Amino acid sequence: MKIKNKKPIVKKTNNDDKTLWIIIGVTTLALGGIGYWYYRKRKSKLEMLPREAEDLDREIASTIANNTTRRSTTTRRPTRFRCSSNKYPLQYGTCHRDVKILQSYLSKIYKADLGRSGRSRDGVDGMFGNKTNKAAKKHLQRTSFSKQDIDGMRTAIKTIKR
């Protein structure tokens, strides 16, 4: 009696199931990333919009009511800066990348104190707020700047770096 050499039976793994789960995982991550990006984009757009008239009316009414009835003994928190424009001329309320040039010019040439905001904590953050407005008025005697003004400041900063 001869025994035939039979090949052992090995079940093949189904690669289709693994591939399917990998595709599902990658798709889920991609959709989550896109959703997060969209959320951040909407949030930044909403922060740049000026306040609604109703909000201002409500705030004014509450301020008047608080001031007429009693004096508040608590310290008042400053309101958060809101961008009202992102175009030229650069003036108070503008958020623009060229505001950083103005702020760098004020801090490097005139050693103006612009606060501790921004990437380097030197006040250069691209938002034309109260401190930038005061420094510009004090050192440059103006509070509105055109594209040509900013180009001149950019050239002056490059010259100083050399």
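The values are calculated or read from the model by the stated rules, or taken from the named source; none is laboratory data. Since the model is a prediction, treat every value here as computed from it, not as a measurement. Areas reflect the complete protein model, heavy atoms only, side chains present, ligands, DNA and RNA absent. Shrake-Rupley method; radii C 1.70, N 1.55, O 1.52, S 1.80 Å.
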Exercise. May I have the pair-distance distribution P(r) for the stretch 95-162, computed from all Cα-Cα distances with 10 Å bins from 0 and rounded to whole percent?
Key: 22, 61, 17, 0
Quiz item: What pairs in 43/108; 43/158; 108/134; 43/137; 41/100 have C-alpha atoms more than 27 Å from each other?
Solution: 43/108; 43/158; 43/137
Exercise. Grab the Cα-Cα distance for residue 120 and residue 29, subtract it from 0.36 nm times how many residues apart they are, and report the gain in nm with one decimal.
Key: 29.5 nm
Quiz prompt | Accessible area of the stretch 119-161 belonging to carbon and sulfur atoms, whole % at 1.4 Å probe | solution = 49
